[in-house]
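Report on the following structure.
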Amino acid sequence: MADYLPHTPAEIDEMLAFLGMDSLEQLFAHIPPAVRLTQGLDLPEGMSEPDVAALFTNYTSANRAKASEMTCFAGAGVYDHEVPAVVKMLAGRSEFVTAYTPYQPEVAQGVLQAIFEYQTLIARLSGLPIPNASLYDAATGLVEALNMAHGATTRQKMVISSGVHPHWREVAKTFARGTGHEIVEVPLKDGVTDWGSVDATNAAAIVASYPNYLGVLEDMSEAKTLAVANDALFVVGADPVAAGVLKTAGQWGADIFVGEGQPFGTPLAYGGPFLGLFACTTEQTRRLPGRIVGETVDSNNRRSFVTTLRAREQDIRREKATSNVCTNQTLMAVTAAIQLGWLGTQGLREVATRCAQGAHYLFDELVKIDGVQAVSTQPFFREFAVHLGHDASAVLLTMANDGVLGGVSVAALTSGPDLSIEGDVNDVLLVTVTERRTKDEIDRYVEVLRKAVGQ
Amino acid sequence: MSNRALSGGRAASAPLMGHETEPTIFEMSVPGRSAYQLRTTGVPATALADLIPAAHLNGDVVNIAEVSERDLVAHFTRLSHRQFSVDLGMYPLGSCTMKYNPKFCDAVANDPGLNSVHPGSPAQLTQGWLELLATLEEKLCAVTGMAAATLQPAAGAAGELTGLLLMRAFHSANGDPRRRILIPDSAHGTNPASVTLGGYEVTTVPSNDRGLVDLEKLKASLGPDVAGIMLTNPNTLGLFEEEITEIAAAVHEVGGLLYYDGANLNAILGTVRPGDMGFDIVHMNLHKTFATPHGGGGPGAGPVAVSQRLVEFLPGPKATRLDDGTFAWVKPPRSIGRVHGWHGNAMVLARALAYIDVHGGDGLTRVAKYAVLNANWLRHRLHATLPAAYDRVCMHECVLTATPLKNAYGVRGLDVAKALLEEGFHSPTVYFPLIVEEALMFEPTETESLQTLEALAEAIERIAQRAIDDPDALHRAPQTTPVSRVDEARAARHLIPTEDAASR
């Protein structure tokens, strides 16, 4: 038994006496006996911290795909970037970690200003002026973007490239059950969205991904033209690291940017908590989901920050709110601001460049292997997909025995038939290289894969 | 009080160095300065223009900020000193459950054996994570009395919407999704917002003069088009809905489902289970009940547990224990699909499991009992100063009202809340629930000591005395904090969400 309760038996007696009671049970006497739990919870007894820590080693040791055992070449929206000690320590400060939502700005300027700095960075990286204070992750961010597009156009049809991450598309379909949105997926040809194959009449949104989930850099102007022609909003899901060197969503003409902020200081963390990046044009400000921090002054005319445009939010607008977001991912947003501060202008460019260099180096080596074929002939940024001629899931397990996490099987990402891959999906492997991978590690990857496919 | 020890939770001694504002990181930026260091890789440094077509390259440089590591550390450390937190002192925000977050739970979850694992890794290589998630699901079901759960929703509101989509799937499978959801007038704002996104219409059910759901009016609102009701029990007034079995029977009678908003689950751990009250769907806020830190507004985690008849609709895939003792991802047969990009806020889930394991069934039961004891002690201690809106035994929180101070001295609930900041305590939740005038909602939580409760009560009494002596000063409070009251109207009228929108 262990806990964090300060009450001594004498104090409990004193408090109960103050209430005119003689047992804790009396506090619950008004609860109908019919619903009372008589036997207590069906859970083991409490344990001390060291005992629980020992129990948790069962979990950690059964995870083979951890950094100490495997070199990571897996991506699919989640990337193994450098997170230095300084970022971990600053972001781990308990003032940030154990604060609540900044409802009292007088004692929350720390979090509020950090969010303001985060918002500034997201606006710059997205090329759009109105960011929010974060959403859960990119997938749920896309849902908010679709709801915004519906609010702006009152239409229901959402035309989404199959180059958008399969999980994001699946989440969009789940929430469309409630909103009634019609999700139209557009197939890829040679890794590029075949916009010509779809009827975008009456679309609320045209959604593209940059780069797409297979790593391919599509020319966004075709999607933009389609959006303009149909009076739809143009939604771009973009890799925020790419913005260090590539055109921003805003430069491609996006009305809404969504992205996954994990690459900015958040560990792989088995998928969460991550960070939903979101920004839009000024036309959509009043439909912005979640919180936004704005600059103002206090009663002594000092610069201050406060959550603003609160009238949009669920606690005030209730059933008329366009989003139900309350808790978001503030700590990850603060972390992103710190990580970007550490990287700086030059560091972000350097990281983006090195990712591209590493991925292209590996790609060039891999396609030399007999039977390994690129899924697309188009340019890519930091990630690419290849047909292996062998079951990708099986190859990954074989590679794991040599200490390499070889990527992500596309068949495992997609649930059932998917319009992103022409032909067999089971042998498609999605591979990424970050700035943390050395040439030796990449060369070893090639050797291990060669062995795994029997060459 | 016999015990003369001083409070451990009052933060009035927190040192703050002066009253200047902190520059933004952009204002400290000097071109050419840097902090980053990357690995030496030996990868050929091919020019980007040789790898990527020019049409994609950005002609402009995106400016971040250029600071030294030393300035980066100083800046964010100073920002942290301008921020209240549970670690600094008592945070009695009603409904938010700002209890102490055990450091152990953070440490155990941050083990690289958990946090360095890529979420797209094959299940065969992440058996530890799958076992952890399956174990947590089983324990959350034991706590709530439900059959199975999804761990994907990233926060309470995401859990609510997931629950409503489950309702829709259940009713649709029976041929009619139905049209309306009932919600009490005391409900959290997320409830009605979630209902709309779930494709339903809200019917508001009034509270009676005891602060509980008016059963007769509820019955009058029911009909075959009602998909279900969303309730939190105890409700947002901190009061237990004593007629819950009658409510459940009435809703079930018309084929509706009961949704339990788990925001207040911490009050009933080990005493009552939502499943035993007749609820069909339950969301839990792990960042409240199970003490995972709130991160300044997130991350949270909002798992949703359901009764047997809804299990087949749960989001998926789910970490599932197989007969041979291994674990696999399995999608329920009629799953509504994913509600998160990966597996939910996994690190938050791991922390919650550690919290549950440390406490065990006995410890969790004590958590609820002492939370209820603290709230009742505070309610009773303050009844002459800030009377309770409904003055009888409450659960884990108490809703008090500043109406007497307002009527006598023109001092409002907000003034009391702001003045508490000068006293070294975070404010309670103000003006919620909406049905109570000048509401001040205190949730002391079980981790605050009797000495801290007494110090809080004495601080409120001093504020009440100031209301008599100098009410104008209270309108200007706080003055000892890094900034005083901020001009919220100006922020909304002239939106400055970024450094680039500010004219510096």
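The values are calculated or read from the model by the stated rules, or taken from the named source; none is laboratory data. Source: prediction; values computed, not measured. All Cβ positions, even for glycine, are placed from backbone atoms using ideal geometry, and neighbour counts span all protein chains on display.
Considering only residues that are touching a residue at least 40 places away in the same chain (Cβ under 8 Å), more than 14 Å from every other protein chain (Cβ to nearest Cβ) and either part of a helix (DSSP H, G or I) or surrounded by fewer than 24 Cβ atoms within 10 Å (Cβ to Cβ) (or both), which ones fall in segment B:390-431?
Within segment B:390-431, B:405, B:408, B:409, B:410 qualify.
So residue A:369 clears everything in (1) surrounded by 21 or more Cβ atoms within 10 Å (Cβ to Cβ); (2) β-branched (Val, Ile, Thr); (3) assigned to a loop (DSSP other than H, G, I, E, B) except one condition, right? Which one?
The failed condition is (1).
Would you pick out the residues in segment B:96-119 that are part of a helix (DSSP H, G or I) and either facing chain A (nearest Cβ under 7 Å) or over 24 Å from the mean Cα position of the chain (by Cα) (or both)?
Quick first cut of segment B:96-119, residues part of a helix (DSSP H, G or I) only: B:103-109, B:112-115.
Those that are part of a helix (DSSP H, G or I) and either facing chain A (nearest Cβ under 7 Å) or over 24 Å from the mean Cα position of the chain (by Cα) (or both): B:104, B:108, B:112, B:113, B:114, B:115.
Could you tell me whether segment A:70-87 includes any residue that is more than 7 Å from chain B (Cβ to nearest Cβ), assigned to a helix (DSSP H, G or I), of a type in the set (Val, Ile, Thr) and buried (at least 24 other Cβ atoms within 10 Å of the Cβ)?
Yes, because at least one residue in segment A:70-87 is more than 7 Å from chain B (Cβ to nearest Cβ), assigned to a helix (DSSP H, G or I), of a type in the set (Val, Ile, Thr) and buried (at least 24 other Cβ atoms within 10 Å of the Cβ).
Listed residues B:142, B:147, B:187, B:169; which is in contact with a strand residue (DSSP E or B) (Cβ under 7 Å, 6 or more places away or on another chain) and surrounded by fewer than 24 Cβ atoms within 10 Å (Cβ to Cβ)?
The match here is B:147.
Do you know which of the residues in segment A:292-322 that are crowded, with 19+ Cβ neighbours inside 10 Å, closer than 16 Å to residue B:157 by Cβ and within 7 Å of chain B (Cβ to nearest Cβ) is modelled with the lowest pLDDT?
A:314
Residue by residue, here is whether (1) touching a Phe, Trp or Tyr at 6+ places or on another chain (Cβ under 8 Å); (2) farther than 28 Å from residue A:76 by Cβ holds:
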site	(1), (2)
A:100	yes, yes
A:111	yes, yes
A:117	yes, yes
A:120	yes, yes
A:129	no, yes
A:139	yes, no
A:143	yes, no
A:154	no, yes
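Taking residue B:78 as the residue in question, decide whether it is among the charged types (D, E, K, R), more than 7 Å from chain A (Cβ to nearest Cβ) and over 24 Å from residue A:47 (Cβ atoms).
yes
Within segment B:128-138, restricting attention to residues that are at the interface with chain A (Cβ under 7 Å from one of its Cβ atoms) and buried (at least 21 other Cβ atoms within 10 Å of the Cβ), which residue is farthest from residue B:307 (Cα to Cα)?
Step one: list which residues in segment B:128-138 are at the interface with chain A (Cβ under 7 Å from one of its Cβ atoms), which gives B:128-129, B:131-132.
Imposing the further condition that a residue be buried (at least 21 other Cβ atoms within 10 Å of the Cβ) reduces the set to B:128-129, B:132.
On the way: B:128: 27, B:129: 25, B:132: 22 Å.
The extreme case among them is B:128.
If I ask for residues that are within 7 Å of another protein chain (Cβ to nearest Cβ) and not in a loop (DSSP other than H, G, I, E, B), which ones from segment B:479-500 would you list? Even if it seems obvious, please write down each step before you answer.
Restricting attention to segment B:479-500, the residues satisfying the condition of being within 7 Å of another protein chain (Cβ to nearest Cβ) are B:481-488, B:490-492, B:495-500.
If the condition is that a residue be within 7 Å of another protein chain (Cβ to nearest Cβ) and not in a loop (DSSP other than H, G, I, E, B), then B:486, B:488, B:490, B:491, B:492, B:499, B:500 are the ones that fit.
Of the conditions (1) more than 9 Å from chain B (Cβ to nearest Cβ); (2) within 21 Å of the chain's Cα centre (by Cα); (3) in contact (Cβ under 8 Å) with a residue 60 or more places away in the chain; (4) within 24 Å of residue B:338 (Cβ to Cβ), residue A:384 fails just one. Which one is it?
It is condition (4) that residue A:384 fails.
Here is a list: A:377, A:398. Which entry is over 25 Å from the mean Cα position of the chain (by Cα), β-branched (Val, Ile, Thr) and assigned to a loop (DSSP other than H, G, I, E, B)? It would help to see each step written out before you state the result.
Details: A:398 fails: assigned to a loop (DSSP other than H, G, I, E, B).
Being over 25 Å from the mean Cα position of the chain (by Cα), β-branched (Val, Ile, Thr) and assigned to a loop (DSSP other than H, G, I, E, B) holds for just one of A:377, A:398, which is A:377.
Taking the conditions exactly as written (in contact with a Phe, Trp or Tyr (Cβ under 9 Å, 6 or more places away or on another chain) and either facing chain A (nearest Cβ under 7 Å) or not acidic (Asp, Glu) (or both)), does residue B:88 satisfy them or not?
Taking the combined requirement at face value, the residue does not satisfy it.
Do we find a residue being surrounded by fewer than 24 Cβ atoms within 10 Å (Cβ to Cβ), polar (S, T, N, Q) and within 12 Å of chain A (Cβ to nearest Cβ) anywhere in segment B:361-370?
Yes, segment B:361-370 has at least one match.
Within segment A:32-62, track down each residue that is touching a Gly at 6+ places or on another chain (Cβ under 6 Å) and under 12 Å from residue B:358 (Cα atoms).
A:43, A:44, A:45, A:46
Is it the case, given these coordinates, that residue A:152 is farther than 24 Å from residue A:428 by Cβ and assigned to a loop (DSSP other than H, G, I, E, B)?
no
Quick check, is residue B:61 without any contact (Cβ under 8 Å) to a residue 24 or more places away in the chain and assigned to a loop (DSSP other than H, G, I, E, B)?
Considered against the rule, which asks whether it is without any contact (Cβ under 8 Å) to a residue 24 or more places away in the chain and assigned to a loop (DSSP other than H, G, I, E, B), residue B:61 comes out as yes.
If we keep just the residues of segment A:116-138 that are assigned to a loop (DSSP other than H, G, I, E, B) and in contact with a Cys (Cβ under 9 Å, 6 or more places away or on another chain), which is farthest from the other protein chains (Cβ to nearest Cβ)?
My answer is A:128.
Tally the residues that are surrounded by 14 or more Cβ atoms within 10 Å (Cβ to Cβ) and either charged (D, E, K, R) or outside any helix (DSSP H, G or I) (or both), restricting the search to segment B:463-478.
4
Let me confirm something: among B:193, B:227, B:248, B:220, which residue is in contact with a helix residue (DSSP H, G or I) (Cβ under 6 Å, 6 or more places away or on another chain), aliphatic (A, V, I, L, M) and not in a strand (DSSP E or B)?
B:193
How many residues, within segment B:196-217, are touching a residue at least 12 places away in the same chain (Cβ under 8 Å), part of a loop (DSSP other than H, G, I, E, B) and closer than 22 Å to residue B:397 by Cβ? Write out each step before concluding.
First, pick out the residues of segment B:196-217 that are touching a residue at least 12 places away in the same chain (Cβ under 8 Å): B:197-207, B:210-213, B:215, B:217.
Subset that is part of a loop (DSSP other than H, G, I, E, B): B:198-200, B:206, B:210-212.
Of the ones still in play, those that are also closer than 22 Å to residue B:397 by Cβ are B:206, B:210-212.
Qualifying residue count, segment B:196-217: 4.
Filter segment B:146-188 down to residues that are facing chain A (nearest Cβ under 10 Å), over 19 Å from residue B:303 (Cα atoms) and either out of contact with any Gly (no Cβ under 7 Å at 6 or more places or on another chain) or of a type outside the set (A, V, I, L, M) (or both), then give me how many there are.
Looking only at that region, the number is 4.
From B:85, B:68, which residue is buried (at least 20 other Cβ atoms within 10 Å of the Cβ) and of a type in the set (S, T, N, Q)?
B:85
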